[in-house]
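Reading through the structure tokens given below for one structure.
The values are calculated or read from the model by the stated rules, or taken from the named source; none is laboratory data. Quantities reported herein were computed from a predicted structural model and do not represent experimental measurements. Backbone-built Cβ (ideal geometry, glycine too); neighbour counts: all protein chains shown. In case anyone asks, the SASA skips ligands and DNA or RNA and just uses the protein heavy atoms, side chains included. Shrake-Rupley method; radii C 1.70, N 1.55, O 1.52, S 1.80 Å.
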Amino acid sequence: MYFLGPSGNLYIMPPKRPIGIIIFGGLLIVTSIYELCHIPAYSDYKIINKEFPDKIIIIRFFVSYLLRMIGLACGVGVICLNEHFRKILIGLSYFSIFTIYLRHTYNGFLMYVTPLYYQNHVTDFSLQAFTWMAVMISWGIEVSFCLAVIYYFTRPGVVKCFR
């Protein structure tokens, strides 16, 4: 859409952004920056993922860092209504759903949950059940977010904003 400015020049009106695009983009930016600031050192990453061979751990470490950077870029890209970043975000969501069991492992959660379990032992669950509940809740949150992204960014009204 075009409009005339005060000096008589023709300007292009920026497209309207639905509030969902701003919310999803903002969430991606904030969580990606948070995760980039709190990425564990490689030595800690090796301890958390000790069930994998060293070559796999190196690949996982760099892919983890790369995914956080892509998430940040996608957050900015969708706020700027860039079609390529919308497609990358949808692809990243599918990737996250299909590889979730590789990224959030039982042993990794066990390392983080054990001190909480013994420090605040107010549950009737065993440490193993408590850890599996933490894993399942984490998986549920991530899969729900990914499905919400896929659903929202493939709706015809939202797709139209990006064209």
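Given the criteria among the hydrophobic types (A, V, I, L, M, F, W, C), under 18 Å from I100 (Cα atoms) and exposed (fewer than 12 other Cβ atoms within 10 Å of the Cβ), does L28 qualify? The answer is no for L28. Test I23 against the criterion of being within 16 Å of the chain's Cα centre (by Cα) and outside any helix (DSSP H, G or I), and give yes or no. For I23, the condition - within 16 Å of the chain's Cα centre (by Cα) and outside any helix (DSSP H, G or I) - is not met.
Y34 fulfils the conditions (1) modelled with pLDDT under 90; (2) surrounded by fewer than 15 Cβ atoms within 10 Å (Cβ to Cβ); (3) not acidic (D, E) except for a single criterion, (1). Within the stretch 102-111, identify whether any single residue is touching a residue at least 60 places away in the same chain (Cβ under 8 Å) and open to solvent by 50 Å² or more (accessible area, probe 1.4 Å), and answer yes or no. Yes. Checking each residue of the stretch 83-98 against the condition of being without any contact (Cβ under 8 Å) to a residue 60 or more places away in the chain and farther than 30 Å from I19 by Cβ gives no match.
Within the bounds of the stretch 39-61, is there any residue that is modelled with pLDDT of 90 or more and under 15 Å from the mean Cα position of the chain (by Cα)? No: the stretch 39-61 contains no residue that is modelled with pLDDT of 90 or more and under 15 Å from the mean Cα position of the chain (by Cα).
Filter the stretch 56-95 down to residues that are more than 25 Å from S43 (Cβ to Cβ) and of a type in the set (S, T, Y) and give me whichever is most open to solvent (accessible area, probe 1.4 Å).
Y94
Based on this model, can you work out whether Y42 counts as within 22 Å of G140 (Cβ to Cβ) and of a type in the set (F, W, Y)? Criteria not met by Y42. If you go through the stretch 122-161 and keep only what is of a type in the set (S, T, Y), part of a helix (DSSP H, G or I) and either under 30 Å from N82 (Cα atoms) or open to solvent by 40 Å² or more (accessible area, probe 1.4 Å) (or both), you end up with S138, S144, Y151, Y152.
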